[in-house]
1. Between Arg348 and Ser278, what is the FRET efficiency for a Förster distance of 22 Å, r being their Cβ-Cβ separation, to the nearest 0.05?
2. Starting from the 7 Å offset along Cα-to-Cβ, what nm value, one decimal, do you get for the label separation of Arg322 and Arg234?
3. Take every DSSP beta bridge whose two residues both sit in the chain, then give the antiparallel share in percent to the nearest 5.
4. Send over a whole-number figure in Å² for the accessible area per residue of the chain, probe 1.4 Å.
5. Expressed in whole Å with the largest first, what are the equivalent ellipsoid semi-axes of the range 216-366 derived from the C-alpha gyration tensor as the square root of 5 times each eigenvalue?
6. Could you give the radius of gyration (one decimal) and Dmax (whole number) of the Cα atoms in the range 177-284, in Å?
7. Taking just the alpha carbons, could you work out the radius of gyration and Dmax for the range 214-260, both in angstroms?
8. What is the local net charge at Glu330, summed over the other residues whose Cβ is closer than 12 Å to its Cβ (Lys, Arg +1; Asp, Glu -1)?
Amino acid sequence: MRIVADTMPLDRLHFTGLRNLMRVELRPSPGINLISGANGSGKTSLLEGLHLLGLARSFRARQLKTLIHFDCDALTVFGRLQGDPPIPLGLERRRDADTPVMKLAGERIERVSQLAERLPLQLIDSRTFELVEGSPKARREYLDWGVFHVEQAFLDCWKRMRRALKHRNALLRHGRIDRLSIAAWNQELAREAQRLDGMREAYVARLEPLFMATLARLAELPELSLGYYRGWDRSRPLGEILEASVETDRQMGFTQQGPQRADLRLKVGRRPAAEVLSRGQQKVVVSALKLAQGQLLEALTEHHCLYLIDDLAAELDLEHRRRFCELLEEQRGQSFITVIERDTLGYRFTTEVKAFEVRSGQVSEA
């Protein structure tokens, strides 16, 4: 189990040079923050800056330098976690540099995982539909986010697994296979896969009842189920499968079975959920997945999620928006929610709320 200090909310934000946003200075609420403004005003860019703080990457662009305002040499995102003493964290990306500079508590850091530990982020936007209708990769990343935040051993195990997989695939693509070398990497991959699978399976066992309870409060989808697929045949040890599949894997040029193929299976009855659910129902399901993951994080680690919710009103009718907001408020995390107009949520929060308005790249408290 991962043991870290309790996550505190952000009490200061300072962004410069980020897309179309002017200099941003905010003192957000530790609870709910509503960000309103017309389309194209910069609301989503504000969420993007928060995403950079916790994961050092954008959810809209591959290269960070494309986020730099055309009239600036660099972008800077800075935040401060409330506490005694408060903990600053930030990121700078210059046009003339190859990589960003990340800092935590005044010290330069090299690993993104150090930011992620301090600022667990949950993003709900149009792309989160991939959890239902996208490839297994999106669901695997969702799963591994959860395991990373609750299992201290996960990251090292995951890195070892990826290293073994990379070396095995390189040998498969080589003209003539070195049998001793591939046997060694088969053994390493199977060992780390077993450890990783155990952590993933245990996590899903804890997540599934929370997800089902959360989903039941959002909508009536009694036939929907959540299952875990490990990535290889359960009836056989992975080491045996890898050894037996060397020739077929060599023909394909990659390892066909293993933890890199793991998936979460969302089904309605016996059919994949993506084939059955409407767009609105899919958003309810992904919202339940994200909220349940936040609940589990709180229960196991006393960490609280920072929720970034872009255009909550899209694909959700008034009643489902109210139910979502009620569940969100019950959690003790900090939330930033973008809307075109503040009254579109149709819900009156009872916790501390701050409202901000974005107009032509300028952010002000409403």
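The values are calculated or read from the model by the stated rules, or taken from the named source; none is laboratory data. Just so it is clear, the structure is predicted and the values come from calculations on it, not from any experiment. Cβ coordinates were reconstructed from backbone atoms using ideal geometry, including for glycine residues, and neighbour counts include every protein chain displayed. In case anyone asks, the SASA skips ligands and DNA or RNA and just uses the protein heavy atoms, side chains included. Shrake-Rupley method; radii C 1.70, N 1.55, O 1.52, S 1.80 Å.
1. 0.20
2. Each label point is offset 7 Å from its Cα along the Cβ direction, giving 4.1 nm.
3. Expressed as a percentage, antiparallel bridges in the chain total about 65.
4. With the other protein chains kept in place, the chain gives 48 Å² per residue.
5. Over the Cα atoms of the range 216-366, the semi-axes work out to 40, 19, 16 Å.
6. Spelled out, the Cα radius of gyration and Dmax of the range 177-284 are 18.0, 56 Å.
7. Using the Cα atoms of the range 214-260, the pair Rg, Dmax is 17.3, 50 Å.
8. So the environment of Glu330 carries a net charge of 0.
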